[in-house]
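The structure appears right after this line, and notes come after that.
Bear in mind that the values in this text are calculations on the coordinates, not laboratory data. Everything quoted here is computed from the prediction, not taken from an experiment. A quick note on method: Cβ atoms are made from the backbone with ideal geometry, for glycine too, and the neighbour counts reach across all protein chains shown.
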Amino acid sequence: MQAELNIGLLGHVDHGKTSVTKMLTGTWTDIHSMEIKRGITIKLGYAEMMSSFCEKCGIYTNSKKCHKCGGESKELRKISFVDAPGHETLMATVISASSILDGALLIIAANEQCPQPQTKEHKMVLETLGIKNIVVVQNKIDLVSKEKAKEHYKQIKEFLKGSIYENAPIIPISANYNANLDILLEAIDKNIPTPKRDESKDALFFIARSFDVNKPGIVVEKLVGGVVGGSVVSGEFKVGDEIEISPGIVRINKQVPEPIKSKIIAMFAGSEKLESVKPGGLVAIQTTLDPSLAKADGLIGNVIGKVGSLPPLYDSLKVEYSLLNRVDFENHGIKEGETLVVSVGTATSIGVAQKVKKNKMEIILKRPVCVPISSKIAISRKINQRWRLAGAGKIL
């Protein structure tokens with residue numbers, strides 16, 4: 001069964017996003033060696049959960065059996081969770097994640113002053129890219145007194161005041177002790193609805209991760225093709241479909257990337273095999289690609305479509321944009337010739353601003369992108385040697 005929607009977990013570094021993911025799904029998503037070594041999330045992590053409801057007890061659960069009465073619970077919907085990194089230097093990963101999200105959990109630790117730097121940044125990303133449905137999770141309440149938790153709650157309310165999230169529910173939890181899990185599940189069910197999907201459009205898939213799943217030393221006869229992970233944003237894919245991956249790869253002695261043609265061998269939602277996939281949830285697609293192309297997230301930012309149906313490649317974008325009102329740095333008007341980072345879909349590309357006029361400009365890209373017209377973009381600029389989110393817009 002494919003998940004119905006994608007929910008992101010965002011928030012300041014070390015506020016417990018990965019722990020909340022484990023509380024909800026039972027899966028620890030920090031599995032890469034550097035993440036384990038440093039104790040932070042670097043890449044996007046995925047996990048799934050079936051949300052259920054016990055009609056006898058009137059409580060929500062993530063289990064087939066009610067933890068209170070032990071009876072059978074009624075399955076509601078399957079949800080994919082995307083665990084995004086909190087560290088400021090990994091904001092491009094967060095922005096790419098937001099392109100496949102239907103809603104979000106904003107994680108805020110009760111044992112630190114609110115807001116922290118990345119709490120502000122992540123809230124800004126969600127607002128900028130139009131993620132309207134969120135639940136605020138006040139984590140780590142086990143580390144503070146009742147009075148301190150109430151005081152911190154007021155800080156969160158003040159932080160959200162005047163924003164589109166002013167009335168978002170704030171759920172106090174302790175992820176390490178599964179405290180208030182049922183209340184959090186109820187808030188998710190009531191505040192993050194499953195969006196209506198348009199399945200009549202051309203099939204389009206955003207690649208957010210890619211892998212070589214072959215183990216070292218495997219014999220050639222048993223090699224399997226590269227695997228990509230991400231989300232279907234429109235249409236439908238089936239096992240056996242001939243597909244195209246764009247922008248693709250740069251061939252030797254050529255400047256422009258060439259789309260790659262491949263075939264869908266298998267598709268998975270978690271460990272469950274699927275014959276077809278539609279919009280909603282996160283899925284993995286096994287292809288006939290040379291696994292070396294897919295290893296170590298080599299295909300992030302590409303899109304998949306059926307042969308001949310993909311949007312064109314653009315090496316320049318005409319955009320309509322607005323700058324964010326930043327209080328932590330002077331976000332002055334963009335100047336011609338300024339270098340920017342543009343995030344669209346799951347792709348990130350460096351570009352140079354040209355023909356800047358009021359709220360419109362052209363951006364000449366270093367690496368072409370394959371995106372539909374009217375796609376939302378996020379614009380980052382270099383401030384004190386760091387790339388900081390500065391604006392948003394749409395492609396004209």
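Overview of results
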item	result
Spin-label pair Ser309/Asp290, simplified geometry with 7 Å Cα→Cβ offset, distance in nm	2.8 nm
Segment Glu55-Ile164, extension gain: residue separation times 0.36 nm, minus the distance between their alpha carbons	36.0 nm
Compactness of the range 160-239, expressed as Rg and Dmax over alpha-carbon positions, Å	20.6, 60
Most fluctuating residue given options Leu185, Leu324, Leu24, as computed from a GNM of the chain linking Cα atoms under 10 Å	Leu324
Under 18 Å from the Cα of Lys74 - aspartates and glutamates, other chains or at least 8 residues apart	Glu4, Glu48, Glu55, Asp182, Glu186, Asp189
At R0 = 51 Å, FRET efficiency that the Cβ-Cβ distance of Glu127 and Leu223 yields, to 0.05	0.70
More than 23 angstrom apart: percent of Cα pairs within the range 313-395	13 percent
Debye, to nearest 20: dipole size of the range 321-381, +1 on Lys, Arg Cβ, -1 on Asp, Glu Cβ	180 debye
Fewest-first ranking of Glu242, Glu221, using other Cβ atoms within 10 Å as the exposure measure	Glu221, Glu242
Cα convex hull volume per residue for the range 204-306 (Å³)	105 Å³
Check: the chain dipole with +1 on Lys, Arg Cβ and -1 on Asp, Glu Cβ, in debye	560 debye
Listed residues Thr119, Thr194, Thr18, most fluctuating in the chain (Gaussian network, C-alpha, under 10 Å)	Thr194
At 0.890 mPa s and 25 °C, Stokes diffusion of the chain via Kirkwood alpha-carbon radius, µm² per second	111 µm²/s
The range 118-207, Rg to Rh (Cα coordinates; Rh as Kirkwood inverse mean 1/r)	1.06
GNM flexibility winner over the chain from Asn214, Asn302, Asn139 (Cα, springs under 10 Å)	Asn214
Of Lys65/Lys376; Lys64/Lys150; Lys157/Lys376; Lys215/Lys376; Lys154/Lys196, those spanning more than 32 Å from alpha-carbon to alpha-carbon	Lys65/Lys376; Lys64/Lys150; Lys215/Lys376; Lys154/Lys196
Rounded FRET efficiency, nearest 0.05, which uses the C-beta distance separating Val352 from Lys74 and R0 of 45 Å	0.25
